[in-house]
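S.K.: So that we are looking at the same thing, I have put the structure below in structure tokens.
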Amino acid sequence: MDSLKKINDQLTRVLLVFAAVLAFLLCFLVVADVLGRVVFNSPVKGTTEIVSLSIVVICYLQAGFAIRSGGMLHVDMFVSKAGPRGQSFMSAIAALAGFAFFAFVCAGSLEGAAHAWTSNEFEGEGALRVPVWPARFVLVLGTMIASFSYLLMFIEDGIRAIRGQAPAHTSATH
């Protein structure tokens, strides 16, 4: 279990760094587009399409890290009133719900990703057409990693609930 957690944590960190680099590079594209519009009356072609698809990529690449680091939204109004075993139990149930949600999104996204690949789907018209399949496959990858991260948390918190221990991710980290 510990080796799976380490591998998952390392993978989510790598994807987080990749998403951060992509966001940083998008800043330059947006600035170039704005300067092109204002100074030369000629925007960078395809900026809208690139940015809209990149936002999807950035969000889903960061999801696994947000889950494992305890950065997802957490309402502890009832959880904080329970004892350690109850907190772990409720955390395990929440992790199971997160697993199910992201697993359903992943399963539902597979067909769209495959279709975008086989049909050679593009976003935009004219001078620059941006392929859609990378964003669709990143959505599948991101939701797969997110669901796996929640599965790990479910197992970890379930074991803690059985042992009567507090959850690994306390409300202070959320």
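S.K.: Okay, helix-only estimate at 222 nm for the chain: each DSSP H run of n ≥ 4 adds -39500 (n - 2.57), divide by all residues, round to 500 deg cm²/dmol; what do you get?
M.R.: Details: 4 runs with 126 residues, N = 174.
Per the formula, -26500 deg cm²/dmol.
S.K.: Taking the number of other C-beta atoms within 10 Å as the exposure measure, put 76, 2, 157, 33 in order starting with the fewest.
M.R.: Numbers: 76 15, 2 6, 157 25, 33 19.
Fewest-to-most Cβ neighbours within 10 Å comes out as 2, 76, 33, 157.
S.K.: Any idea what the dipole of segment 2-173 comes to, in debye rounded to 20, about its Cα centre with Lys/Arg Cβ at +1 and Asp/Glu Cβ at -1?
M.R.: Computed about the Cα centre, the dipole is about 480 debye.
S.K.: Give me the number: length gained by fully extending residue 21 to residue 42, i.e. 0.36 nm times residue separation minus the C-alpha to C-alpha distance, one decimal in nm. Spell out each step's value before the answer.
M.R.: Numbers: separation 21, 0.36 × 21 = 7.56 nm, distance 2.62 nm.
That pair, residue 21 and residue 42, stretches by 4.9 nm at full extension.
S.K.: Another one. Springs between alpha-carbon atoms under 10 Å, Gaussian network over the chain: tell me which of 113, 20, 32 tops the mean-square fluctuations.
M.R.: Sorting by GNM fluctuation, first place goes to 32.
S.K.: Amide H neighbours of residue 123 under 5 Å, at least 5 residues apart or on other chains, H built in the peptide plane: list them.
M.R.: Residues meeting the criterion, in which the H sits 1.01 Å from N, are 130, 132.
S.K.: Relative to the compact-globule scaling 2.2 N^0.38 Å, provide the ratio for the alpha-carbon radius of gyration of segment 74-141.
M.R.: Its radius of gyration relative to the 2.2 N^0.38 Å reference: 1.79.
S.K.: Now for a different question. If you rank 141, 11 by fewest surrounding Cβ atoms within 10 Å, what's the result?
M.R.: With the fewest neighbours first, 141, 11 line up as 11, 141.
S.K.: Kindly give Rg over Rh for segment 2-173, based on alpha-carbon atoms, with the Kirkwood expression for the hydrodynamic radius.
M.R.: Rounded to two decimals, Rg/Rh equals 1.11.
S.K.: Now, a different point. Measure nothing fancy, just the Cα-based angle from helix 47-68's long axis to the longest principal axis of the chain, in degrees from 0 to 90, nearest 10.
M.R.: Relative to the chain, helix 47-68 is tipped by roughly 10 degrees.
S.K.: Once you place label points 7 Å from the Cα toward the Cβ at residue 120 and residue 7, how far apart are they in nm?
M.R.: Label at residue 120, label at residue 7, 3.7 nm between them.
S.K.: By count of other Cβ within 10 Å, fewest leading, how are 119, 91 ordered?
M.R.: If I rank by nearby Cβ atoms, fewest first, I get 119, 91.
S.K.: Which one of 96, 145, 122 is farthest out on the positive end of the charge dipole of the chain, using unit charges on Cβ (Lys, Arg +1; Asp, Glu -1) and the Cα centre as origin?
M.R.: The listed residue farthest towards the positive side: 96.
Coordinate-derived values only; no laboratory data. Because the structure is a prediction, the values reported are computed rather than measured. Counting neighbours? That spans all protein chains shown, and the Cβs are built from the backbone with ideal geometry, glycine included.
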